[in-house]
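*Asks:* A single structure is presented below for examination.
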Amino acid sequence: MSEVLLRRPIPYPDESLRGYLIRLAQVNHTSPRKLYKLSSLFAGVDPKSLIMTTGKADLSKLCILTNLDEQRLLDLTFFNQLGKYAHEEVEVLRHISSFGTCSMAFCQVCPLCLLEQPYHRKLWEIRSVTTCPIHHCRLISQCPECQRFISPIRRFVTYCKCMFDYRKCKITKVPEFETKLAIILNEKLFNKKGLRTLLSDEIQGLSFRHFLYLHILFCYYFYQISTSKVKVHYSEVFKPIHLHETAIETFHMFTDWPNSFYNFVNRYRKVPKNFKGMGKWMNSVCYFIKLLSI
């Protein structure tokens, strides 16, 4: 391959970098894994996630391959919204990195969006986003044909390894309210204004990273309420199989503020807890109040 790729499609403004590399590999008749190697974007034997929630990856070689400047590529990641604050808010961003964004193990897509324009949206990289704000349907994270999780380094944007076309997936429609979380996160992510009036002034003023962090945090407690378990691991909460219901219920707490928060506290008081769990709970509430008072 030459130093600069022969075909260099322009990234879409709302495209993810991982998705762009799939599209870039596809038009140059190679694989995303080879592009990762050419760009020195490997961490050991595995490609880097390129979400950039806790720092910045070296994109210098990818800049040469694509003939794009670094900032153009960084705009396709979460570095501007998250990673550049890594030294200021270590725990917050580590939490988001672990549970707030899709890993190298899977990603999610909207079949109808892919049907309209075949590229991977940046919004889909957020785990809590389980619905499409445009088509009012559920996102999918598994191939219905072979049950494989959708890979972020798949060879084709719209096809599974088994060659099933994701655009032909059965569509699961959802009520309008269940798309509001996706809309709010999209507005905060891309600095748009619209449904933010759905939120109180305190919640509306939160940055993208703080809103996402608090949503992730309270997803844990709402899941604990629904299961009545003394101890729950975060990885259990954020499994795609039941995340949708938890994410929507958690979001409701932010819409009827502060009444919904008082209701949440009363419900959570009834959940069995150990002493260690109570300390964690109090730390979470204190951090929440701190953010709302900034």
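*Asks:* Taking the criterion of being farther than 23 Å from Gly100 by Cα, at pLDDT 95 or above and not assigned by TED's automatic domain parsing to the domain that holds Ile96, would at least one residue in the range 174-183 satisfy it?
*Replies:* Yes, the range 174-183 contains at least one residue that is farther than 23 Å from Gly100 by Cα, at pLDDT 95 or above and not assigned by TED's automatic domain parsing to the domain that holds Ile96.
*Asks:* Can you list the helices (runs of 4 or more DSSP H) found entirely within the range 1-96 that contain at least 3 residues being under 30 Å from Leu217 (Cα atoms)?
*Replies:* 17-27
*Asks:* Further question: Run down Lys188, Lys168 and say which single residue is more than 30 Å from Val92 (Cβ to Cβ) and either touching a residue at least 24 places away in the same chain (Cβ under 8 Å) or under 16 Å from the mean Cα position of the chain (by Cα) (or both).
*Replies:* Of the residues listed, the single one that is more than 30 Å from Val92 (Cβ to Cβ) and either touching a residue at least 24 places away in the same chain (Cβ under 8 Å) or under 16 Å from the mean Cα position of the chain (by Cα) (or both) is Lys168.
*Asks:* Any residue at all in the range 84-104 that is of a type in the set (Phe, Trp, Tyr) and closer than 28 Å to Arg138 by Cα?
*Replies:* Scanning the range 84-104, I find at least one residue that is of a type in the set (Phe, Trp, Tyr) and closer than 28 Å to Arg138 by Cα, so the answer is yes.
*Asks:* Cβ-Cβ under 7 Å, sequence separation 6+ or interchain: first residue in the range 51-69 and in the same structural domain as Arg127 (by TED's automatic domain parsing), partner assigned to a helix (DSSP H, G or I) and surrounded by fewer than 15 Cβ atoms within 10 Å (Cβ to Cβ). Which pairs?
*Replies:* Thr54/Arg94; Leu59/Glu70; Cys63/Glu70
*Asks:* Further question: Is it the case that the range 85-92 has a residue that's surrounded by 15 or more Cβ atoms within 10 Å (Cβ to Cβ) and not assigned by TED's automatic domain parsing to the domain that holds Val129?
*Replies:* No: zero hits.
*Asks:* If I filter the range 153-181 down to residues being among the basic types (Lys, Arg) and in contact with a Leu (Cβ under 7 Å, 6 or more places away or on another chain), which single residue comes out as nearest to Ala247 (Cα to Cα)?
*Replies:* Lys180
*Asks:* Here's another thing I want to ask about it. Specify which of the listed residues (Met253, Met278, Met282) is more than 18 Å from the chain's Cα centre (by Cα), at pLDDT 75 or above and assigned to a helix (DSSP H, G or I).
*Replies:* Of Met253, Met278, Met282, the one residue that is more than 18 Å from the chain's Cα centre (by Cα), at pLDDT 75 or above and assigned to a helix (DSSP H, G or I) is Met253.
*Asks:* Somewhere in the range 195-213, is a residue out of contact with any Ser or Thr (no Cβ under 6 Å at 6 or more places or on another chain), part of a helix (DSSP H, G or I) and β-branched (Val, Ile, Thr)?
*Replies:* yes
The values are calculated or read from the model by the stated rules, or taken from the named source; none is laboratory data. Computed from a predicted model, the values in this text were never measured in an experiment. Every residue, glycine among them, receives a Cβ derived from its backbone with ideal geometry; neighbour counts consider all protein chains shown.
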